[in-house]
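Only the coordinates and a few stated rules stand behind these numbers; no lab work does. Treat the numbers as computed from the prediction; the structure is a model and nothing was measured. As a convention, Cβ positions derive from the backbone with ideal geometry for all residues, glycine included, and neighbour counts pool all protein chains shown.
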């Protein structure tokens, strides 16, 4: 609160009131009426006395002396309150302040309202080196050890923060939970490494877990170009933001630039240490493996109850939560320490209103349903004094198609059954006759991820995974295989597995497989979805890693390889009257960089002459039967 205003030296402030007349202040002080005063004020406390909450900003010291900026906020009168912590690289001050209301539900993010209304204390903290915190910033700072020679990391910072909170927040009950999505999901997971005894529960949402295998920077070896914009915005103090390539078609911009390395050089991105690191490690080497959080946690005993959350159509971090679940679940003998949640969401949509995604409509606000019926009860039973009994589902997923929440005891919850590619662009539960289909993949004309012009931002980016795939169906470099009309539902619960038997005329190739729900051509009840080709799972595989992700090698032209990978985890019902489709192609641009299809040691540094056409042959039937294995549930 501002108690006084200080003016320039020698200027006296007075107010002489005579009747209704107030003389000018400068004149009363005897100063010239044209004196120019500094009208800037150092600060303003926007939390007014009438606010129904207390908001404190503190600097919490870490073990190395670095202090981290932390916002603590709770409703006035709170006592014995559990603390809910989020550690963020996205400005704790702004993240904790949706607007400057004097009502706590309006100030904090939407997902916080149910907690602070029930006596929780909300805590947001800037990670070291960003915004209000001291220290050096390192993107996804590795755990102390071979890749981090210092004595501090996100695990120690979380420990030291929690230690300070339980000793200094007198309104708390001494119990702490941690939550956050994306990068905040990563910091939530890191808090589980040698956790503080007061950390009683964790909910990592869409966490960044393995940046090479399937989260932000690569998927199965294919580089995700949008990472350049994130790197520039995240690691530059002045002049950061989006790469300055203009506002035109990103497909054209990336195509004109060439390789990822040439793109980085053209826009001065090699000045960023994080960009250089990624370009220097195109394969799954020790640098990437040493940062894989699922491996780090799987090698430790799980002592903190953990709920892992991800969206079925998460466009950024679909890999991490299920990977950590599978790493930790073997330790969970009683099926009550680690749980998995898959909702019908895009990236981080769990924390917002979630009634729809693109053209898809759900039964109510699925985000609020989850938060109120499952998330808060999970924290309540672990954090509250005199806590209620825990009743957390081992696996909670939303069955899209039928649009309902389902509880399972394990994941995957279906039995894997092959759906084979067959002649005449068909799909069948039996292998069918031996044969093959071919297409020419031309790096000069890569298959787009969306209809052009492409802008990988806003709603276009958030919903691209549910975009109608008819825009590429029929292209000569895309193969589409389809079942007949289904006469009964096909319910899948798990991560579909791709077993693609393919050969290339080149020395390297990418393969993209899409599992698609084809809606009936006539749908008067919902015309928007008539004939719609809805992507249920879309994923890429870089061919040079056929023999191991750490050992890239040239493909032998004409040799048939078994390219095997998984699609994202889903709970989906293909309804009667629909069809199942599988599309196969060799590019998904500009989300993923182009494969030159000739052999180069690093695709990051491919030159224009390296990009060549190649004939891709997909085999069917016999001993080389291509299939997508579906985890079919027995309803």
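Using only Cα coordinates, the Kirkwood hydrodynamic radius of the stretch 41-161 works out to 15.4 Å. Enter the angle in degrees (range 0 to 90, nearest 10) between the Cα long axis of helix 154-168 and the first principal axis of the Cα atoms of the chain, meaning the one along which they spread out most. Result, in degrees: 30. Packing, taken as the mean count of other beta carbons within 10 Å per residue, orders the peptides 459-468, 154-163 from highest to lowest as 154-163, 459-468.
Ranked by the mean number of other Cβ atoms within 10 Å of their residues, highest first, the peptides 411-421, 207-217, 58-68 come out as 207-217, 411-421, 58-68. Note on the chain: Cα-Cα pairs beyond 38 Å make up 39% of the total pair count.
Shape of the stretch 222-281 from its Cα gyration tensor (a ≥ b ≥ c, root eigenvalues): rounded if a/c is under 1.5, otherwise prolate when a/b > b/c, or oblate? Oblate shape, in that a/c is at least 1.5 and b/c is the bigger or equal ratio. Straightening the chain between residue 43 and residue 599 buys 194.2 nm, computed as 0.36 nm per residue apart minus the Cα-Cα spacing. Output needed: percent of Cα pairs per 10 Å distance bin for the stretch 318-419, bins running from 0 to the one holding the longest distance. Calculated over all Cα pairs of the stretch 318-419, the distribution is 13, 40, 36, 9, 1, 0 percent. Between residue 391 and residue 151, the FRET efficiency from the beta-carbon distance, with R0 = 45 Å, is close to 0.65.
For the stretch 509-635, pairs of C-alpha atoms spaced more than 19 angstrom apart make up 59 percent of the total.
Estimated translational diffusion coefficient (Stokes-Einstein, Kirkwood radius over Cα pairs, 20 °C, 1.002 mPa s) of the stretch 203-318: 135 µm² per second. Based on alpha-carbon atoms, the Kirkwood radius and the radius of gyration of the stretch 451-515 give Rg/Rh equal to 1.00. Separation of the stretch 360-435 and the stretch 579-618, taken as the distance between their Cα centroids, equals 33 angstrom.
Give me the percent of Cα-Cα pairs in the stretch 246-372 that sit more than 24 Å apart, rounded to a whole number. Looking at the stretch 246-372, the distances longer than 24 Å represent 54 percent of pairs.
Of all beta bridges that DSSP places with both ends in the chain, some 75 percent have antiparallel geometry.
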